[in-house]
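Novice: Submitted below is the structure of interest, expressed as structure tokens.
The values are calculated or read from the model by the stated rules, or taken from the named source; none is laboratory data. Bear in mind that the values here come from a model prediction, so they are computed numbers and not experimental data. Every residue, glycine among them, receives a Cβ derived from its backbone with ideal geometry; neighbour counts consider all protein chains shown.
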Amino acid sequence: MGENQHNEDIQNKAWGSKSQRHIENRCWTACAWADGFCGYGIVSQGPAVQEGAWFEKSDLFVVNLEAPLCEKGLTADSPSGNGLRADGKIAEWMKDTRIDVAGIANNHLRDFKDEGVIQTLENLTRTGVLYAGGGKNISEAEKILLVHVKGLKIGFWMLAEKEQNLATEARPGTSFFNPDANVYIIPELRKQVDFLVIFVHAGHEFALVPSPRIRKAYRAYIEAGADLVVGHHHPHVPQGIERYKTGWIAYSLGNLVFDHDYVAAFKDTDHGYLFNVGISEHSVENIEIIPYYLRNYSTVETCTEKELSDYENMLKKISSCIIDDAKLEESWEKFVIWRWNQSRRDFHRNFSKNFMAEKNPTFIWMLKNCYGCPTAHELLEKAMELLLEEKISR
């Protein structure tokens, strides 16, 4: 498909306020909500509920829950004691707000170890919010979630990047985003359902364009039989949309509610988009994109007319990079240069000093993440290539 056709498809399918096709017999509409770290004040103020009609008009509403729902005082997995956490009562708010499914496949589910995971599962179960991507062991975590809506059997397979979060046969945690293995499972999952969604938490923080590895993986999922791939929301910024062969891919929806100072310090972390999808059997019938801005990192508001126009142009621009190999490589290289200068160079410069320090468990914990995460490998490999080409310095 040429670039012009690709952009036309995005406009005709996605920008519903201008050109959405009305389909009388659509079977299901789903909004995939962006980063759903439910933190401070969300129960009392209910951010994003100002546009609650979107929750009500959808037959199924799916979110990424970026924090365990557990009590205070639990031991953190990080030696520093830091971690994301939200009160278990958030599950009740989610149910009352008409959130149907919570994706818990992400890198923060084990921030408070086994007990944090168990309490999260119990709180969601108690309130009747469905979940997938995590469980008491790896077998539970990697189960597909089946939901029946208007005569269609929808399958959600939720996968998470490997950091400190993975489940094993002996400990609770998340599923495993492992594309080389996942593609052999997808054909069998497709046989069980009328529509298959792969919901993935992976990628590079703050990158507006996916890396070559992520594009290859998400496309491979479509080729293996997925109807829709939704990337969420590890980048914390929005990424583009692509119609690929018989399916569609949204590479990252961006943040919704993520009230965290570290993330808030970076550009483009204060906006994202809802992904509203109408489907029939193994077919995406229509897509509507609903951009929003996060004001003061606690209140979600829809866009003004000017913001909407700017957002449409921005999304088309970053989407065009995905289908152009040269543009993708150029964007990827620029991102790696920025990330190296922003943080990774200092991390490796001080490697010996921190590694040899007698008491520095936080560094060892970070080191485990750096050398255990495939996304970190991808960035480091590209950085070494750029060092050899003298495009970055030590």
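Novice: Scanning for something in the same structural domain as residue 241 (by TED's automatic domain parsing), buried (at least 24 other Cβ atoms within 10 Å of the Cβ) and at positive phi, does segment 160-177 turn up at least one residue?
Specialist: Checked against the condition, which is being in the same structural domain as residue 241 (by TED's automatic domain parsing), buried (at least 24 other Cβ atoms within 10 Å of the Cβ) and at positive phi, segment 160-177 yields at least one hit.
Novice: Given the condition surrounded by 13 or more Cβ atoms within 10 Å (Cβ to Cβ), at pLDDT below 95 and among the polar types (S, T, N, Q), answer yes or no: does some residue in segment 342-351 qualify?
Specialist: Within segment 342-351, none of the residues are surrounded by 13 or more Cβ atoms within 10 Å (Cβ to Cβ), at pLDDT below 95 and among the polar types (S, T, N, Q).
Novice: Now, a different point. For segment 355-376, which positions are among the aromatic types (Phe, Trp, Tyr) and surrounded by 13 or more Cβ atoms within 10 Å (Cβ to Cβ)? Working first, answer last.
Specialist: Quick first cut of segment 355-376, residues among the aromatic types (Phe, Trp, Tyr) only: 355, 363, 365, 371.
Passing the criteria: 363, 365.
Novice: Within segment 291-328, how many residues turn out to be exposed (fewer than 15 other Cβ atoms within 10 Å of the Cβ) and part of a helix (DSSP H, G or I)?
Specialist: 8
Novice: Next question, about the same structure. Return the pairs, sorted by first residue and then second, in which the second residue is surrounded by fewer than 18 Cβ atoms within 10 Å (Cβ to Cβ), the first residue lies in segment 205-221 and is in the same structural domain as residue 184 (by TED's automatic domain parsing), the beta carbons are less than 6 Å apart, and the residues are 6+ apart or on different chains.
Specialist: These pairs meet every condition: 206/266; 220/183.
Quick grid of which residues meet (1) touching a strand residue (DSSP E or B) at 6+ places or on another chain (Cβ under 9 Å); (2) closer than 26 Å to residue 220 by Cβ; (3) buried (at least 22 other Cβ atoms within 10 Å of the Cβ):
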| residue | (1), (2), (3) |
| --- | --- |
| 238 | yes, yes, yes |
| 243 | yes, yes, no |
| 246 | yes, yes, no |
| 249 | yes, yes, yes |
| 260 | no, no, no |
| 265 | no, no, no |
| 269 | yes, no, yes |
| 283 | yes, yes, no |
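Novice: Looking only at segment 121-131, which residues are outside any helix (DSSP H, G or I) and surrounded by fewer than 20 Cβ atoms within 10 Å (Cβ to Cβ)? Walk me through it before giving the result.
Specialist: Taking segment 121-131 first, the residues outside any helix (DSSP H, G or I) are 128-131.
Within segment 121-131, 128, 130 qualify.
Novice: Quick one: residue 288 ticks every box in (1) in a helix (DSSP H, G or I); (2) charged (D, E, K, R); (3) in contact with a helix residue (DSSP H, G or I) (Cβ under 8 Å, 6 or more places away or on another chain) except a single one, so which number is it?
Specialist: If we test residue 288 against (1) in a helix (DSSP H, G or I); (2) charged (D, E, K, R); (3) in contact with a helix residue (DSSP H, G or I) (Cβ under 8 Å, 6 or more places away or on another chain), just (1) comes out false.
Novice: Return the only residue of 142, 161 being closer than 30 Å to residue 267 by Cα, among the charged types (D, E, K, R) and in contact (Cβ under 8 Å) with a residue 12 or more places away in the chain. If you could, list the steps in order and put the result at the bottom.
Specialist: Details: 142 fails: closer than 30 Å to residue 267 by Cα.
It is 161.
Novice: Return the residues of segment 141-170 that are closer than 16 Å to residue 106 by Cα, charged (D, E, K, R) and in contact with a helix residue (DSSP H, G or I) (Cβ under 9 Å, 6 or more places away or on another chain); say none if nothing qualifies.
Specialist: Hits for segment 141-170 are 142, 161, 162, 163.
Novice: With (1) part of a loop (DSSP other than H, G, I, E, B); (2) crowded, with 19+ Cβ neighbours inside 10 Å as the list, and residue 94 as the residue in question, which single condition is left unmet?
Specialist: Result: residue 94 passes all but (1).
Novice: Follow-up question, since we're still on this one. Identify all residues within segment 98-120 that are among the hydrophobic types (A, V, I, L, M, F, W, C) and buried (at least 20 other Cβ atoms within 10 Å of the Cβ); write none if there are none.
Specialist: Pass one, segment 98-120, residues among the hydrophobic types (A, V, I, L, M, F, W, C): 99, 101-102, 104-105, 109, 112, 117-118.
Answer for segment 98-120, where residues must be among the hydrophobic types (A, V, I, L, M, F, W, C) and buried (at least 20 other Cβ atoms within 10 Å of the Cβ): 99, 101, 102, 104, 105, 109, 112, 117.
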